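For reference, the structure discussed in these notes is given below.
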Amino acid sequence: MSRFSLRTAFPRTPNPLSQAVALRHACGLPVLDLAETNPTRVGLPPPDVDLGVHPGVFDYAPEPFGLPSAREAVATHLSQRGASVDAAHVVLSASTSEAYGWLLKLLCDPGDNVLVPAPGYPLVDVLARLEGVHARSYRLPVVHGFGLDVGRVEAAIDARTRAVVVVNPGNPTGHFLHEGELHALADVCARHGLALISDEVFSNFAWDAEEGRVTSVAGRPLPCLTFALSGLSKVAGLPGLKLSWLHVGGPSHARDEALARLEDVADAVLSVSTPVQLALPALLAHAPRFQAALLKRVKGNRERLIQARPADAAWDVVPAHGGWSAVLRIPHHPGEEATCLRLLEEGVRVQPGYYYDFGGGAYLVLSLLPTPEVFTAALVPLVRVLSPPAG
Ligand SMILES: Cc1ncc(COP(=O)(O)O)c(C=O)c1O
């Protein structure tokens, strides 16, 4: 009998909701899918870029951090969003998920931990486990609209903590980091010798303007080692092209040591393909068009949701400022899973808050990406199920 690692012993029994979705699909019943977060499946504009057109597309230059021209393109893209960024501090990877894996290898030994926000997208928990690292949660308090409470981050630090992850804006909570919070957090990280990992994959998707909002830590003079993560997956809606970046910043000695070690990590896999690197300037030139279409879509759907809510409803749309999702606070009874199952019977798929570790209270998460037709059609059963007749 072969033996396998404990770290790959993930639970495999589908939860009742996944089972119900599979059954509905097997029966050929339609689903209005408000759990759809794949930007390539919701009718948003693809780029008009031919990946094969560049001379040298079949050449191979084994550059651990990526082709200089592609790193320059990322540095220009980041510099347009705030502080000036040096291409020498930009590292390309195949995905943000891969970049997380590299940072976990760089910063942690097995048994160490990194702090992650809750509620939040459960990706880091899985990636950390695969590296033998613990993901320890710090709570984003509901009273702050799921914003950062630096005191809670500091309280979660222990002797094995190596880094703090912030997701800016939060997924699915859509709350941005603010200047004061960033500085307090960077001070905590510096005092405890921790790195700050800033996941900025949704930071191009602000719905409004806010005083003191932070959109990127890249290129900012902060007192701790910083890593800013993003990539084509969200910035240009192209997760299938497999190109992301991380910017390394902070005090120069720590930054340079981190870059030297990351070079060995990246050199071991050399994962980013040449065609996508050569096409990167054109793909980044397409990004504003995609972002404008996406923002129109999510803001329109959020407005439709708010308009559909009866004034006396027992549920609420949680305030937020950006991202691709809406969070609904719903009554404790019958709760998240029962409500999702009930909605599925009516042909509408949404996600329960527990997927994102909301804790305390009952929540639903809705993707704002579906077409206005799908979203509007789903609102009728949604409002009916969430607002049962009195008595
Ligand atoms: C907050 C956050 N970070 C990272 C990722 C992964 O990005 P990538 O597709 O580049 O691996 C996701 C995916 O949805 C995400 O929501």
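The numbers here are math on the coordinates, done by the rules we state, and not lab data. Small disclaimer: the values here were computed from a predicted structure and weren't measured. Positions of Cβ are generated from backbone atoms using ideal geometry, with glycine treated the same way; all protein chains shown enter the neighbour counts.
FRET efficiency for the Glu345 to Ser2 pair, using the beta carbon distance and R₀ = 51 Å, is estimated at 0.75. The mean sequence separation of alpha-carbon pairs under 8 Å and at least six residues apart, normalised by the residue count of the chain, gives a relative contact order of 23 percent. Straightening the chain between Ala268 and Val143 buys 40.5 nm, computed as 0.36 nm per residue apart minus the Cα-Cα spacing. Here is the size of segment 68-285 from its Cα atoms: Rg then Dmax, 16.1, 47 Å. Near Glu36, within a Cβ-to-Cβ distance under 14 Å, what is the net charge of the other residues, with Lys and Arg +1 and Asp and Glu -1? Taking every other residue near Glu36 into account, the sum is +1. Summary of the geometry: segment 155-180 and segment 64-143, compared by the centres of their Cα atoms, lie 12 Å apart.
Potential lengthening of the chain between Lys296 and Phe10 amounts to 99.1 nm, from the contour at 0.36 nm per residue minus the alpha-carbon distance.
With a simple spin-label model that places each label point 7 Å from the Cα along the Cα-to-Cβ direction, the separation between Ala26 and Glu179 comes to 5.7 nm. Candidate cross-link partners of Lys234 among the lysines, defined by an alpha-carbon separation under 20 Å and a same-chain spacing of 8 or more, comprise Lys242, Lys296, Lys299.
Using the alpha-carbon atoms, what tilt in degrees (0 to 90, nearest 10) does helix 16-26 show relative to the longest principal axis of the chain? Roughly 80 degrees, rounded to the nearest 10. Take each peptide in 143-152, 303-312, count the other Cβ atoms within 10 Å of every residue, and average; sorted highest first, the result is 143-152, 303-312. Between the beta carbons of Val53 and Glu303, assuming R0 = 56 Å, the FRET efficiency works out to 0.90 to the nearest 0.05. Packing-based ranking of 14-21, 224-231 yields 224-231, 14-21, ordered from highest to lowest mean Cβ neighbour count within 10 Å. Think of it as helices only: each DSSP H run of n ≥ 4 in the chain is worth -39500 (n - 2.57), and spread over all residues that comes to -11500 deg cm²/dmol at 222 nm. Cβ screening of the chain for cysteine pairs under 4.7 Å finds these without a partner: Cys27, Cys108, Cys340. Across segment 68-285, C-alpha contacts under 8 Å between residues 6 or more apart give a mean separation that, scaled by the residue count, equals a relative contact order of 24 percent. Where both residues lie in the chain, what percent of DSSP beta bridges are antiparallel, nearest 5? Taking every DSSP beta bridge within the chain, about 50 percent pair in antiparallel fashion. Counting only Cα atoms, the size of segment 302-366 along its three principal axes is 26, 24, 21 Å, in decreasing order. Full extension of the chain between Glu36 and Asp256 gives 75.2 nm of extra length, using 0.36 nm per residue less the Cα-Cα distance. A Förster radius of 45 Å combined with the Cβ-Cβ distance from Ala285 to Ala314 puts the calculated FRET efficiency at roughly 0.45. Between Ala268, Ala83, Ala326, the GNM of the chain built on Cα springs shorter than 10 angstrom shows Ala268 fluctuating the most.
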